[in-house]
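Derivation of every value follows stated rules applied to the coordinates shown; laboratory data play no part. Computed from a predicted structure; not experimentally measured. Positions of Cβ are backbone-derived with ideal geometry, glycine not excepted, and every protein chain shown enters the neighbour counts.
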Amino acid sequence: MVICSQLPDNDNTSVTNLAEYLAAEVIEQHGLPTPLVWVEHYPEHEGEIGAYCLVRFSSWKLEEVCLGGVWHYRVGSPQWSPLTPEQVMALLDGKPHASEQVREEMSLTDPRSAGRPGHDQLRDDSRPK
């Protein structure tokens, strides 16, 4: 399981906008087996409530792509589903089949799971070039 947290004072591209690139780089650099559980985390900051999302990728195959003249890895397209702190704790506790239980508890067919609420515009406008 990987928890990818947004740095509170980050003025650069968000973890949401780079999810498929960050996941691929972490998997490649650390030799992690796939599929794995990827959780995106936005901590409480300047009065905003913190949030967790389970991120599912359409493919775990590492693909090399060139961004701005630099070669990077990426995995398939991401989909986000909100997680409660209790669901995150269940995943962290290492309970058998916890990730399957969490996925069953969430409605992954809900149209809102296709993107992270409030962040879809960022993905379209701030995509790395």
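Overview of results
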quantity	calculated
Inter-label distance, nm, simple model (7 Å from Cα along the C-beta direction), residue 92/residue 46	2.6 nm
Over segment 1-88, relative contact order from alpha-carbon pairs under 8 Å, at least 6 apart, %	29 percent
Sites residue 2 and residue 66, calculated FRET efficiency, Cβ-Cβ separation with R0 22 Å, nearest 0.05	0.35
Calculated from backbone phi, Karplus (6.51, -1.76, 1.60) coupling profile of segment 54-67 in Hz, x at Gly/Pro	7, 10, 10, 10, 5, 7, 9, 5, 6, 10, 8, 9, 9, 10
Relative contact order (%) - criterion: Cα under 8 Å, at least six apart; region: segment 1-40	65 percent
Residues residue 11 and residue 32, FRET efficiency given R0 of 22 Å [Cβ-Cβ distance, rounded to 0.05]	0.15
